[in-house]
Structures are given as structure tokens and as C-alpha cells.
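> The structure under discussion is supplied below as C-alpha cells; questions concerning it will follow.
The values are calculated or read from the model by the stated rules, or taken from the named source; none is laboratory data. Please read all numbers here as calculations on a predicted model, not as lab measurements. FYI the Cβ positions are ideal-geometry reconstructions off the backbone, even for glycines, and counts take in every protein chain you see.
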Amino acid sequence: MRRGLVVLLLLGMATPAAADDNDLVLSRLATPVTDGSGNVTQFVGQNLELRSLSSQLGFQLTVDYATTQIDAGQSYWRVRNGGTDGTMRTVGLFFRKGMWFPIPSFEMGGGAVHLVDSRIWTGQLYTKFALHEGYHQLPIPSLAVRGAVSRMMTQRELDLTIASLDVAISKHFGIGSTWRWDPFVGWNLLMIVPRSEVIDPTPQTDPLVMGNEQDILLNFVFKDQDNIYRNRIFVGAKFQYYVFQFTVEAQFALAGSSKDDRTGTNDACMPNSTTTNCDATDTAAAQRTLSLSAGFDF
């Protein structure tokens, strides 16, 4: 049995504050609708922007210590509490344990990832098994499959669940009978499931104060959308000396293209739409990530 504890690099980690730059304010993704007198009668959540935001955010929250590129200039990233940086960083702590079963090499693990400069955490679980363990003396690689699920926590307005499936090939090389080097390459499918909680677009107004009773009617919920799918490829290498290991990995996520296909309409959602009865297409651009991890394998 093999046990390991992966301690990710904590470079640049900031102490969470009450409202940090990367905390989310989903009420900003709503368009006010007014009557003839200019009074706001309702807020309409922009499904088009929520879909692209969830797509880019879901990709970000599935890695170890990492720096990920985002389209900070796109309108849906105004959801951030502050900051205009085009990258977001995560740090995490993971454990893993090899299990004995009458199947190919099997491993289970879990942990948590924190989005730096926010109060956002995700809990993660995964299972991994090798379909074929490579023969070290022959030019035959190892083939492994991993399934994982993560769930966003400590975010009041957005529920985000991410399931993923990885297929990877790797090859072990010994260096001077002391070091080992395991390069790898693979493909990953992400399924991102965003769900909205009740959102208050006017938090500065207290509906319990006399005269403000109608303000509670402005609260809204983003309607559930079809699942979001993203594909990415990854390449990297694991270096190990005795029980110490260091892994570097580069990931490239293809641009989003999935659509929330609403029943009874073929109309595409447009910016500042005043209806939710439209088809929202994921417009998230391709993203790049560099992740690092260090720890011990026993």
C-alpha cells in the first residue's frame, strides 16, 4: 500500500478578508427592467454571462497550486468584488492512498482548493486506477484513468459542482538509481454544473424597514442551465528523490462551446437581455494553466 500527502506550494497565498477581490457578487450579472415611470420592476439574470463565468471559474477550481488565465476584460468578470488582474491563483492540500482491490492499481484521494484573494474553497474527491502498468524495461507507457468531483463551498450565491474524467499515459525513467522521472500527457473532460441561490440585487435596501417592503420582490434566481462541458489537454512531469516528489504540469482548455438549449425557443441570449427564455452559449475563451505541487510519497 502506498500513502502520500501532497503539500502544495503556498507562494503568494493571501489571508482571506471579509470581501476580497476575487469574491463573487452575482447580482452584478442582472439587468434592471423599468416601467414607464422609470421605476425598477424586476431584475433579469443574464444566463449568457453566468454560463461563461461558470465555465471559466469551473476550470480554475480543479487544479493544485496554479496560475490560470481568465478573460478579465469580458463583461461577466465584473462579478468579481474588485481587481482587474487577468490571472487567478489557487492553492490546495491533498492526500492520497493506494488501495488493494482485485482490479488494476487503484488509488483514492481528496482535499481542498482555495481561490486566493477570496473566501472560496472547493472540496474534492477522486479515484484513479491504472489500466496498464508500463514495463520499465520496455518502451511501453502506463495508461491510467481518473474520475473526480469537486464542490464549491463558502459561496452564498452560486452552487458550482465540477465532475471530471482524465485519461493519461506516462512513462517511468530511472536516473542514476536515485532519481525517477515520469513524464505524462493526457486528456480531460470537465462537466460543470452551475446552480443559483436567491440573489438580492439591492443589498443596501432593508425590506424590513417601513416603506421598503416591496424591495424583496426584486430578488431573483438564475434558472437552471444545461451542464457545461469543457475539454482540455495536459502535459507534465513528476520528479522524485527518495520520498520527496515535485510535479509540474501545463494545461490548455479549449474554448467553451456548449449551449443551454431552452425548450420552446431558438432565440439566442444577447447582452442585457430582458428575458431568460433564450439559448445561452458558452463564450469562454481558451485558458492556460501552470500548476506545481510538492510532497512526499511513502
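> Taking the stretch 87-96 on its own, how many of its residues are more than 16 Å from the chain's Cα centre (by Cα) and either β-branched (Val, Ile, Thr) or not in a strand (DSSP E or B) (or both)?
Count: 0.
> Ok, one more. So which residues in the stretch 30-63 are touching a strand residue (DSSP E or B) at 6+ places or on another chain (Cβ under 6 Å), under 25 Å from ARG288 (Cα atoms) and either part of a helix (DSSP H, G or I) or of a type in the set (Phe, Trp, Tyr) (or both)?
Residues satisfying the conditions are ASN47, LEU48, ARG51, SER54, SER55, GLY58, PHE59, GLN60.
Each row is one residue, and each column tells you yes or no for (1) surrounded by 18 or more Cβ atoms within 10 Å (Cβ to Cβ); (2) at pLDDT below 95; (3) of a type in the set (Ser, Thr, Tyr).
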site: LEU208; (1), (2), (3): no, yes, no
site: ILE216; (1), (2), (3): no, yes, no
site: ARG230; (1), (2), (3): yes, no, no
site: VAL235; (1), (2), (3): no, no, no
site: PHE239; (1), (2), (3): no, yes, no
site: VAL243; (1), (2), (3): no, yes, no
site: GLU249; (1), (2), (3): yes, no, no
site: PHE252; (1), (2), (3): no, no, no
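> Just for the stretch 24-72: of the residues that are over 14 Å from the mean Cα position of the chain (by Cα) and among the acidic types (Asp, Glu), which one is surrounded by the most Cβ atoms within 10 Å (Cβ to Cβ)?
Per the criteria, the residue is GLU49.
> Within the group ASP297, ASP282, which residue is modelled with pLDDT under 95 and touching a Gly at 6+ places or on another chain (Cβ under 6 Å)?
On the way: ASP282 fails: modelled with pLDDT under 95.
Among ASP297, ASP282, only ASP297 is modelled with pLDDT under 95 and touching a Gly at 6+ places or on another chain (Cβ under 6 Å).
> How many of the residues making up the stretch 239-298 are among the acidic types (Asp, Glu), farther than 19 Å from LEU29 by Cβ and in contact with a Phe, Trp or Tyr (Cβ under 9 Å, 6 or more places away or on another chain)?
Result for the stretch 239-298: 2.
> For the stretch 254-298, enumerate the residues that are surrounded by 16 or more Cβ atoms within 10 Å (Cβ to Cβ), assigned to a loop (DSSP other than H, G, I, E, B) and in contact (Cβ under 8 Å) with a residue 24 or more places away in the chain.
Those that are surrounded by 16 or more Cβ atoms within 10 Å (Cβ to Cβ), assigned to a loop (DSSP other than H, G, I, E, B) and in contact (Cβ under 8 Å) with a residue 24 or more places away in the chain: GLY256, SER258, CYS269, SER273, THR276, CYS278, ASP282, THR283, ALA284.
> From GLY86, GLY110, GLY98, grab the single residue that is touching a residue at least 40 places away in the same chain (Cβ under 8 Å) and small (Gly, Ala, Ser).
GLY98
> Out of the stretch 10-23, which residues are loosely packed, with under 15 Cβ neighbours inside 10 Å and modelled with pLDDT under 70? Before the answer, list the steps.
Step one: filter the stretch 10-23 for residues loosely packed, with under 15 Cβ neighbours inside 10 Å, giving 10-12, 14-15, 17-19.
Scanning the stretch 10-23 gives LEU10, LEU11, GLY12, ALA14, THR15, ALA17, ALA18.
> Being free of Cβ contacts under 8 Å to residues at least 24 places away in the same chain and charged (D, E, K, R) is true for just one of GLU213, GLU197, GLU249. Which residue is that?
On the way: GLU197 fails: free of Cβ contacts under 8 Å to residues at least 24 places away in the same chain; GLU249 fails: free of Cβ contacts under 8 Å to residues at least 24 places away in the same chain.
Checking each option against the conditions leaves just GLU213.
> Here is a list: TRP181, TRP187. Which entry is surrounded by 13 or more Cβ atoms within 10 Å (Cβ to Cβ), more than 24 Å from the chain's Cα centre (by Cα) and aromatic (Phe, Trp, Tyr)? I'd like the intermediate steps shown before the answer.
Values: TRP187 fails: more than 24 Å from the chain's Cα centre (by Cα).
It is TRP181.
> Take the conditions in a strand (DSSP E or B) and in contact (Cβ under 8 Å) with a residue 60 or more places away in the chain and apply them to ARG151. Does it pass?
Numbers: in a strand (DSSP E or B): yes; in contact (Cβ under 8 Å) with a residue 60 or more places away in the chain: no.
The answer is no for ARG151.
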